[in-house]
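Here it is, the structure in full.
The values are calculated or read from the model by the stated rules, or taken from the named source; none is laboratory data. Quick caveat: nothing in here was measured; it's all calculated off a predicted structure. No Cβ is skipped: glycine too gets one built from the backbone with ideal geometry, and neighbour counts run over all protein chains shown.
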Amino acid sequence: MHTPKAVVLAVAPDQDIVMSAVRFAAAEARLRGLPLEVLSAYLGRAALHSAMAHPAFDVRRRRTADDVVRSVLGMPELIGLDVYATVVDGDPEPVLLEASERAAVLVIGSRELSTFGAFVHRSIEGAVVNRAACPVVVMRGFAGDPGEGAGIVAGIDGGPTSAAVLQCAFDLASRHQVPLTVALCWHPDLLATMQWRPEQPAPEKVYRWLAEALAGWSEQYPDVDVRRSVARHHVADALTVYAGNPYLVVVGRSAEPLSVFGFSASVHRAVLYRSTRPVVVVPTYEPDDGDEPDSGLLNVAAMTGR
């Protein structure tokens, strides 16, 4: 069972500090009443498994990581929080995956880098997102302003793993006091996409299913203002094109190759690649997993006749 002990903020020693990630991690720690762990992993001699590396190289890398962490610890956003730092000589991928085992949320900053730097950073980021034990918040950009109506947008496809996405989305909306829009992504209208005809609405029973599926969550989180939407688009299209200016975008990660509506499990990768707003990737659960959250979801396949 995953027992969170802290909110973990990952900072890279070879990048500038991403302030939006610091602010979000601090807010999460404050709202959850948990400590904030500032974690940095650097590639020193231990990580490179090389006794031949010059000691000065190791010292320089460690000093860089320490300086970045020290800068974060001195920020006013962290005042009043229980904060501690962890600096590790190790490959960032396994270090962050291990951290996800103790984290309520793992927050990763993301900014534009050189082509090579972006490739390396996003390779690590993608590997962590694909295997983390907790929700991973990738700060692709600044969150929308709740004062201007920005809220959380969660995309589901009606499969059994949608429960984990809804649980995380409702919890975040309740903690941050922002509205929540849940978009059920129904079969794309391919003829409309090819401009052969106007887009056809989804069947009425799909709207009924969504309303009933959300009713249980609304009872658990009565303070959350929930809005429903049925989109005839792939999840990645709905969340990146139709989300507007969201506070957060929430999408699930699934090990299944296909959901009941035929969407690929790599949807979260497409959303991460295309989004300019913070994205939360939620580890999802299979129906026989003992840790599966109580979904309140109906049998969507039976409900929709698929």
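Does the stretch 134-150 hold any residues that are assigned to a loop (DSSP other than H, G, I, E, B), closer than 12 Å to residue 20 by Cα and in contact with a helix residue (DSSP H, G or I) (Cβ under 8 Å, 6 or more places away or on another chain), and which are they?
Across the stretch 134-150, the qualifying residues are 140, 141, 142, 143.
Still on this structure: Among the residues that make up the stretch 71-83, is at least one of them at pLDDT below 75 and either crowded, with 18+ Cβ neighbours inside 10 Å or among the charged types (D, E, K, R) (or both)?
No: zero hits.
Out of the stretch 12-62, which residues are at pLDDT 90 or above and not in a helix (DSSP H, G or I)?
Residues satisfying the conditions are 33, 34, 35, 36, 37, 38, 39, 40.
Now, a different point. Residues 68, 87: which one is at pLDDT 85 or above and either in a strand (DSSP E or B) or more than 21 Å from residue 43 (Cβ to Cβ) (or both)?
Every option except 87 fails the conditions.
Still on this structure: Would you tally the residues in the stretch 164-175 being over 15 Å from the mean Cα position of the chain (by Cα) and not basic (Lys, Arg)?
The qualifying residues number 1.
If you don't mind, another one. For the list (1) assigned to a loop (DSSP other than H, G, I, E, B); (2) surrounded by fewer than 16 Cβ atoms within 10 Å (Cβ to Cβ); (3) modelled with pLDDT under 60, I need the number of the one condition that residue 192 fails.
It is condition (1) that residue 192 fails.
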